[in-house]
1. How big is Rg to Rh over the chain, alpha-carbon atoms, Rh as the Kirkwood inverse-mean-distance radius?
2. Got a sec to turn the phi values of the stretch 343-360 into Karplus ³J(HN,Hα) couplings, 6.51 cos²θ - 1.76 cosθ + 1.60 with θ = phi - 60°, whole Hz, x for Gly and Pro?
3. Work from the charge dipole of the stretch 217-332 (Cβ charges, +1 for Lys and Arg, -1 for Asp and Glu, about the Cα centre) and give the residue of Gly277, Tyr261, Gln297 farthest towards its positive end.
4. Divide, for the stretch 255-370, the radius of gyration over alpha carbons by 2.2 N^0.38 Å, where N is the residue count.
5. Would you pull out the residues with amide H under 5 Å of Val405's amide H, same chain only if 5 or more places away, H placed 1.01 Å from N?
6. For the stretch 375-390, just list the computed ³J(HN,Hα) in residue order, Karplus coefficients 6.51, -1.76 and 1.60, θ = phi - 60°, integers in Hz, with x standing in for Gly and Pro.
7. Please give, to one decimal in nm, the separation of the simple spin-label points placed at Val446 and Thr419, each 7 Å out from Cα toward the Cβ.
8. What distance in nm separates the simple spin-label points at Asp290 and Thr335, each placed 7 Å from Cα in the Cβ direction?
Amino acid sequence: MTTLPDLDYVHKQQSQQNQELNLSGDDYSLLTDLYQLTMAVCYTGEGIEQRRASFELSVRRLPEGFGYLIAMGLTQALEYLAKIRFSPSQIAALQATEIFAQAGDRFWSLLAEGKFTGDVWAVPEGTAVFANQPLLRVEAPLWQAQLVETYLLNTINYQTLIATKAARLRDVAGESATLLEFGTRRAFSPQASLWAARAALAGGLDSTSNVLAALQLGQKPSGTMAHALVMALSAIEGTEEQAFSAFHRYFPGAPLLIDTYDTVAAAQRLAEKVNSGEMQLTGVRLDSGDLVILSKQVRSLLPGVPIFASGDLDEWEIARLKTAGAQIDGYGLGTRLVTGSPVNGVYKLVDIDGIPVMKQSSGKVTYPGRKQIFRSFTGGKVKADRLGLLGESSVEEEPLLQLVVQEGERVQPLESLATIRQRTAASVASLPEQTRRLDHPVAVEVEISEGLRVLTEETKKRRRTSGLPQATAKDAYSYGEASYAQRLSATRCANVEKDAK
């Protein structure tokens, strides 16, 4: 169904527009795609809105050139689930659109009284994951699990992208390098800039220039100056040197941006002041030119002063600079950190009312049933991942998905940014070198368990069998994930007996 705008309605609403298009927690319920609500109307009308449903959020494929992803955004996803409510004014606004004219009172009561009451399983933030693995699973009444799709994908897709880039930057730059997030002006929105700052810090960067993000996260913002200050004060007070002196009167020793006019000449004048003891300097920043040559020249003039570089840098450029011998101690990361190829996350139904389901569209096939990721290690390095059913177990493998929300309430405490950052570093360090490299990375092998393979084949077969009663379909799954090993054992025994005959 395609719902087109009613022009009369649009004209009537002109005077009520919020031109700021800002967002608060009170708006969470309406920050969704229309079809989430239209499907909820249908579910309610058909009397199935309270059926237990499981949706899993995964990534179909890794972005080009990536060997892994760092899961991020769970904190904001859980905050959203805890706060989502429909106010009387929001319900009235939906009714005024006349899109929902056929919706019954039961639907409106559902919105008015509803809140998230389901369970959430998720991999901890900072965990390395791969394609076709569930980062998160929502188990809830069908209408609830469906409604939250849009917001969950928005926050997890974007923060996972930024955290992964940050982790790669840290891996390439090394632990001793200072990495600063400067991407606010390039992020896709003010909200995105806050999420980008958080994900970058959790992914391995040291600090952010975003003042609001830093303060909300309990961090100290970092930054230097812009060329505008150097040009303005130079024009008014006479020289670049006087501009530097003026800035240091308010921020003694602060890093200075020295490439506005002549980088080497600026470094020479600063060296005279530093060597005479007239000035203390905690750093200089280069934002243009040949960073390899300029950093070497500046290092020779200011041997004890940290050198920072910025200007459309990413992990490939940092790798190139290091290989060329650039004398750079820290990097400011902006445009190429907070933008780029998206993470292709999807949120798909895998079980409804105990019936395993799967999508079989060409190129978009999903695995049925509630699943778990089992990770094995050898010598401290990830050996392989096994994607299996929730009830499977293994003494030698580590299950990654954890129960974080039960019946709408959080069952694990909020993690600090430092804890998530440490997990990110440990996750990356545990990956094989071929998975971490920038050029032609090879992702860790993800095996499909025998239990999941059999269930997938049964689900396909059931779907092909036209006219199969729903009760029979449900019975095919009634043994539950926990007893799947018993089912497999019985199947194998039957096959052995058949072969013997």
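1. Result: Rg/Rh = 1.06.
2. 7, 8, x, 9, 10, 10, 5, 10, 7, 9, 6, x, 9, x, 10, 8, 8, 10
3. Of Gly277, Tyr261, Gln297, it is Gly277.
4. 1.84
5. Val120, Val411
6. For the stretch 375-390, the Karplus curve yields 10, 10, 10, 9, x, x, 10, 5, 8, 6, 10, 10, 9, x, 7, 4 Hz.
7. Modelled inter-label distance: 2.6 nm.
8. Calculated label separation equals 2.2 nm.
The values are calculated or read from the model by the stated rules, or taken from the named source; none is laboratory data. As the structure is a prediction and not an experimental result, all values here were calculated from the model. Please note: Cβ atoms are built from the backbone with ideal geometry, for glycine as well, and neighbour counts cover all protein chains shown. Ligands, DNA and RNA are stripped out before the accessible areas are found, and what is left, the full protein with its side chains, is counted by its heavy atoms. Shrake-Rupley method; radii C 1.70, N 1.55, O 1.52, S 1.80 Å.
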